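To start, the structure itself, in structure tokens.
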Amino acid sequence: MVRENLWPLARAALTMTIPLTVISFALGLVIALAVALARLSSNVVASNVARFYISVIRGTPLLVQLFIVFFALPQFGVKIDPFPAAVIAFSLNVGGYAAEIIRSAIQSIPKGQWEAAQTIGLDYTGTLRRIILPQATRVAVPPLSNTLISLVKDTSLASTILVTELLRQAQIIAAPTFEFFALYGTAAVYYWVICLVLSFGQARIEHRLERYVAR
């Protein structure tokens, strides 16, 4: 029974779980960078709004955030299909957690780097893009990789809003057969393999970014 369903489970991972993870993480990083820069801004309003956003995201369960996007927003006339709703919820969640990682990474860069950039005529945006962010990326990669790995596992929550990702597919197959242990165990192995691949990628990226570390 399990052998017959290896491909359906793999297909769910390839067509739903992995795309959901990649899209949500990419959008979450964009949100996180904007929020981190707002947190570091001298503009009090922008800084406080960023603080509030981070506080709300980190202080509420991801499942509640997912339910608000999918079940609560339709009460205000905003109806979102399951997959986009999951992307929105996961992206906002990643943005809240990754924002603090990026902020800390930026602050870890010595102030002398900023001053040196100013002496050669770089403006704020140029300094960030060419000097600060490449170095901050090296610092941020390990914790951001942990966030990504957590997101892979958190995508299983999308099954609660009927996204047919890996766990949901395992539930559908197991329901008529009652082969819960075998099918859920197989799903767990798939999640584990995905996380192993990501961990390997993390190590490669860290090695390549070594050249950006100030010595």
(request) Tell me, please, whether a residue that is of a type outside the set (D, E, K, R), within 18 Å of LEU40 (Cα to Cα) and either part of a helix (DSSP H, G or I) or touching a strand residue (DSSP E or B) at 6+ places or on another chain (Cβ under 7 Å) (or both) can be found in segment 142-158. (result) no
(request) Return the only residue of GLY121, GLY126, GLY185 being in a loop (DSSP other than H, G, I, E, B) and either among the aromatic types (Phe, Trp, Tyr) or farther than 26 Å from PHE70 by Cα (or both). (result) GLY121
(request) Starting from segment 117-134, keep only residues that are over 18 Å from ILE102 (Cβ atoms), then list their pairs with residues that are surrounded by fewer than 15 Cβ atoms within 10 Å (Cβ to Cβ) and not basic (Lys, Arg) whose Cβ atoms are within a distance under 8 Å, requiring at least 6 positions of separation or different chains. (result) ALA117/GLY126
(message) I'd like to know if segment 73-90 contains one or more residues that are surrounded by 18 or more Cβ atoms within 10 Å (Cβ to Cβ), within 18 Å of PRO143 (Cβ to Cβ), touching a helix residue (DSSP H, G or I) at 6+ places or on another chain (Cβ under 6 Å) and not charged (D, E, K, R).
(response) yes
(request) Just give me the residues in segment 43-95 being small (Gly, Ala, Ser), more than 15 Å from THR160 (Cβ to Cβ) and not in a loop (DSSP other than H, G, I, E, B), in sequence order. (result) ALA46, SER47, ALA50, SER55, GLY59, SER91, GLY95
(message) So VAL56 ticks every box in (1) closer than 30 Å to ALA188 by Cβ; (2) aliphatic (A, V, I, L, M); (3) touching a Gly at 6+ places or on another chain (Cβ under 8 Å) but one. Which box is left unticked?
(response) (1)
(request) Could you look through segment 186-211, keep only residues that are of a type in the set (S, T, N, Q) and over 17 Å from ALA10 (Cβ atoms), and pick out the one that is surrounded by the most Cβ atoms within 10 Å (Cβ to Cβ)? (result) GLN202
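Taking the options ALA105, ALA36, ALA46, name whichever one is surrounded by 15 or more Cβ atoms within 10 Å (Cβ to Cβ) and touching a residue at least 60 places away in the same chain (Cβ under 8 Å).
That would be ALA36, the only listed residue that is surrounded by 15 or more Cβ atoms within 10 Å (Cβ to Cβ) and touching a residue at least 60 places away in the same chain (Cβ under 8 Å).
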(message) Need the failing condition index for ALA140 against (1) hydrophobic (A, V, I, L, M, F, W, C); (2) in contact (Cβ under 8 Å) with a residue 12 or more places away in the chain; (3) loosely packed, with under 12 Cβ neighbours inside 10 Å, just the number.
(response) (3)
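Since every read-out is calculated from the coordinates, none of them should be taken as a lab result. Small disclaimer: the values here were computed from a predicted structure and weren't measured. Here the Cβ is made from the backbone with ideal geometry for all residues, glycine too, and neighbour counts use every protein chain on show.
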